1. On the full set of protein chains, 1.4 Å probe, figure out the accessible area of Tyr233 and give it in Å² to the nearest 10.
2. Find how many whole Å separate the alpha carbon centroid of segment 117-179 from the alpha carbon centroid of segment 31-61.
3. Just the Cα atoms of segment 54-191: what Rg and Dmax do they give in Å?
4. Would you mind getting the accessible area per residue of segment 162-252, heavy atoms of the protein chains only, 1.4 Å probe, in Å²?
5. If you roll a 1.4 Å probe over the heavy atoms of the protein chains, what accessible area per residue do you get for segment 67-158, in Å²?
6. So how much accessible area does Glu47 have, in Å² to the nearest 10, using a 1.4 Å probe?
7. Answer rounded, prolate or oblate for segment 98-175, using the Cα gyration tensor with square roots of eigenvalues a ≥ b ≥ c: rounded when a/c is under 1.5, else prolate when a/b is larger than b/c, else oblate.
8. Which shape class, rounded, prolate or oblate, goes with segment 168-207 when its Cα gyration tensor gives a ≥ b ≥ c as root eigenvalues, a/c under 1.5 marks rounded, and past that a/b bigger than b/c marks prolate?
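The values are calculated or read from the model by the stated rules, or taken from the named source; none is laboratory data. Keep in mind that this is a model prediction, so the values were computed, not measured. In this analysis, Cβ positions are derived from the backbone assuming ideal geometry, glycine residues included, and neighbour counts consider all displayed protein chains. For accessibility, only protein heavy atoms count, side chains too; no ligands or nucleic acids. Shrake-Rupley method; radii C 1.70, N 1.55, O 1.52, S 1.80 Å.
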Amino acid sequence: MRVAATGAGTPRRPVRRSDKVSETIARDIVRRIGAEELRPGTQLPPEAKMLAEYRVGRGSLREALRILEVHGLISIKPGPRGGPTVDQVHTENFGRMASLYFQMDGVTFQDLLEARVIMEPTLAGLAARRRDPQLVVELDRFTRDGRIGADDEEYAQDAADFHRVLAAMSGNPVMMLFGQSIADILRERLSPPLFPKSRRGAVLNVHCAIARAVTEGDAAHAEALMAEHMSEYAAYVRRRHPGLMREVVDWR
């Protein structure tokens with residue numbers, strides 16, 4: 001089987017004897033997306049062109065595309081103007097893939113909660129040290145108006161977005177993927193509302209304090225505030241969902 005070039009100067013990993021044709025094609029497509037810096041929404045070549053390029057059967061190519069679709073890296077639209085399109089990398093998709101391994105390894109929600117309590121303060125500290133100017137403005141959006149979500153879903157989304165922006169500000173995509181995918185899994189299982197309405201004003205105040213520490217570049221203070229905030233969050237989750245803590249994470 002011939003594997004298409006992935007771009008000038010792009011090294012290609014050797015094909016292992018155990019590799020399936022579809023897996024080799026899927027890896028090559030991913031390398032091409034990276035090498036050519038294809039943005040989300042970019043349409044990949046049509047099936048006929050890819051078949052000619054890779055010189056494989058239609059079944060192998062479609063299986064390769066299906067692998068990438070399942071992992072949330074591309075989407076496939078039917079119809080004459082459809083075909084494979086590059087998707088945005090989402091923490092939800094990474095979490096969905098990770099949840100399969102968590103279930104197989106017997107990881108509990110208590111394990112996930114503990115991991116989040118450890119990771120979030122580190123992300124906040126990194127955010128304060130790196131202070132991306134554009135993301136500082138975005139972070140301020142969640143705190144400057146003193147707004148508490150009009151309903152449970154809006155409140156939950158605002159709180160989730162605050163943590164997501166902080167994670168992005170860390171500047172470390174590995175930490176962000178792991179930290180936010182864990183938060184996504186917990187959020188989906190717990191579902192809104194989490195904190196009662198009587199506590200939401202206090203949560204907003206904590207978010208404002210963390211945002212100030214990040215904006216001022218005070219990493220130690222941002223980390224300490226987030227550690228306290230996450231400890232309170234974890235204690236509340238354990239009180240409200242005691243049985244869930246022993247449950248094994250299920251593949252989403």
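1. Answer for Tyr233: close to 20 Å² accessible.
2. Centre-to-centre (Cα) distance: 35 Å.
3. 18.4, 59
4. Computed with neighbouring chains in place, this is 46 Å² per residue.
5. Heavy-atom accessible area per residue stands at 59 Å².
6. Ignoring ligands and nucleic acids, Glu47 comes out at about 60 Å².
7. Verdict is oblate for segment 98-175.
8. Working: a/c = 5.59, a/b = 1.55, b/c = 3.61.
Verdict is oblate for segment 168-207.
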